[in-house]
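Nothing in this text is a laboratory measurement; each read-out follows from the coordinates by a stated rule. If you're wondering where the values come from, they're calculated on a predicted model, not measured in any experiment. Note that each Cβ is placed from the backbone with ideal geometry, even for glycine, and that neighbours are counted across all protein chains shown.
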Amino acid sequence: MSYKLRGTNVIAIELLTDDSNFNLEDIKKFILEKRQLLKGSRFILSVENYKLSMEEVEDLCSYFVTLDGITFCGFKTNLRENRELCIRLGVPCDLSSMELEKIKERAETEEVKFIKKTLRSGDKITSTGDIVIMGDVNPGAEVEAGGNVYVMGNLMGFVRAGIGKSECEVRSLYFQAPLVEVCGRQVSFERNESYTNFKIAVKNGKIKIDYKTGRN
């Protein structure tokens, strides 16, 4: 069974699977064969058009624990059922589409900016629309967006989203930031607390926060 990898060790390496080639044992065998290539990387398993079972998710998570040198960052999928299952199990997972639906207030000309690196202290990224960061946002880094902000890593710096808007959302696989600003409203968090599958959104004037506590 053939599989494809994409990405880099600096950001993350993603193994692509779908309903035509998803096989638990074949996937584990492929990862073992590519172990040297994957060493030192952050690893994401992409699952398209295939509904995962609880046993498969738990089996894969247990398998990655045995692989030294590979940091498993969770799943990416186009099926909401998979994301909901992972959230119940406390496993990081995000929708492959990143759910970049246009908010009613957003103009057609507003951009979606993809940042393919980790933002370090002193870095500042701005956009009139959405920002997708394929890495971490370290303490001291700043992100300002007229739209939504999606972090496919650890959010530890400051994010200001939905500038001038009444609706927006901020998501990250991991979250350890002390403060987030959404639609002009600041929300504080405990500095020593960490969250998985973090989401904060403003809709109909209300702030809603979803997350799992800790990093499993």
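Restricting to the chain, compute how many DSSP beta bridges are antiparallel as a %, nearest 5. Before the final figure, lay out the partial values.
Values: 23 of 62 bridges.
Restricted to the chain, the bridges split so that about 35 percent are antiparallel.
Which residue fluctuates the most in the chain, going by a Gaussian network model with Cα springs under 10 Å, if the choices are GLU33, GLU144, GLU169? With Cα springs under 10 Å in the chain, the top fluctuation among GLU33, GLU144, GLU169 is at GLU33. Exposure proxy for ASP130, ASP26: other Cβ atoms within 10 Å of each Cβ, ordered fewest to most, give ASP26, ASP130.
Taking the DSSP beta bridges in the stretch 112-213 as the whole, what percent of them are antiparallel, to the nearest 5? Mind showing how you got there, number by number?
Numbers: 18 of 42 bridges.
The answer is about 45 percent antiparallel.
Taking the 0 to 90 degree range and rounding to the nearest ten, how far is the long axis of helix 54-65 tilted relative to the main principal axis of the chain, both from C-alpha atoms? The two axes meet at around 90 degrees. Amide hydrogen proximity for GLY147: with H placed 1.01 Å from N in the peptide plane, the residues at 5 or more positions away or on another chain lying under 5 Å are GLY129, ASP130, GLY162, ILE163. Measuring against 30 Å, Cα to Cα, the residue pairs LYS117/LYS165; LYS117/LYS212; LYS34/LYS124; LYS4/LYS51; LYS39/LYS208 contain LYS34/LYS124; LYS39/LYS208 as the ones spanning a longer distance. With a cut-off of 10 Å between beta carbons, the residues surrounding ASP123 carry a summed charge of +2, where Lys and Arg count +1 and Asp and Glu -1. Within the listed set SER62, SER166, SER46, the Gaussian network model of the chain (springs between alpha-carbon atoms below 10 Å) gives the highest mean-square fluctuation for SER62.
Whole-Hz Karplus values for the stretch 191-204 come out as 5, 8, 8, 10, 10, 10, 6, 7, 8, 10, 9, 10, 8, 6 Hz, taken residue by residue from phi with 6.51 cos²θ - 1.76 cosθ + 1.60 and θ = phi - 60°; glycine and proline positions read x.
Rounded to the nearest 0.05, what FRET efficiency do ARG185 and PHE64 have when you use their Cβ-Cβ distance and R0 = 30 Å? Before the final figure, lay out each step's value.
Numbers: r = 37 Å, r/R0 = 1.25.
Calculated value: 0.20.
Across the chain, the mean sequence separation of Cα contacts (distance under 8 Å, 6 or more residues apart), normalised by length, yields a relative contact order of 12 percent.
The radius of gyration of the Cα set in the stretch 4-95, together with its Dmax, comes out at 12.1, 33 angstrom.
Indicate, rounded to the nearest 5 percent, the antiparallel portion of the DSSP beta bridges found entirely in the stretch 148-191.
Values: 4 of 12 bridges.
Taking every DSSP beta bridge with both residues in the stretch 148-191, the antiparallel ones total about 35 percent.
Around ILE207, what is the net charge, scoring Lys/Arg as +1 and Asp/Glu as -1 over all other residues with Cβ under 15 Å from its Cβ? Neighbour charge sum, excluding ILE207 itself: +4.
Rounded, prolate or oblate: which fits the chain when a ≥ b ≥ c are the square roots of the eigenvalues of the alpha-carbon gyration tensor, with rounded for a/c under 1.5 and prolate only if a/b beats b/c? Note, shape of the chain comes out prolate.
Taking ASN192, ASN21, ASN49 as the candidate residues, the one with maximal mean-square fluctuation in a Gaussian network model of the chain, Cα springs under 10 Å, is ASN192. Once you sort the root eigenvalues of the Cα gyration tensor of the stretch 137-183 as a ≥ b ≥ c, which label holds: rounded (a/c under 1.5), prolate (a/b larger than b/c) or oblate (the other case)? Prolate, because a/c is 1.5 or more and a/b exceeds b/c. No disulfide-compatible partner, judged by a Cβ distance under 4.7 Å, exists for the following cysteines of the chain: CYS61, CYS73, CYS168, CYS183. Net charge of the neighbourhood of GLU33, taken over other residues with C-beta under 15 Å away and scored Lys/Arg +1, Asp/Glu -1, is +4. Using just its DSSP H runs of length 4 or more, each adding -39500 (n - 2.57), the chain gives a mean residue ellipticity at 222 nm of -4500 deg cm²/dmol after division by all residues. Taking the stretch 138-155 and a reference point 7 angstrom along Cα→Cβ of LYS117, the backbone N atoms nearer than 19 Å belong to 138-145, 150-155.
Gain on full extension, evaluated as 0.36 nm per residue between TYR50 and ASN23 minus their Cα-Cα distance, stands at 8.7 nm.
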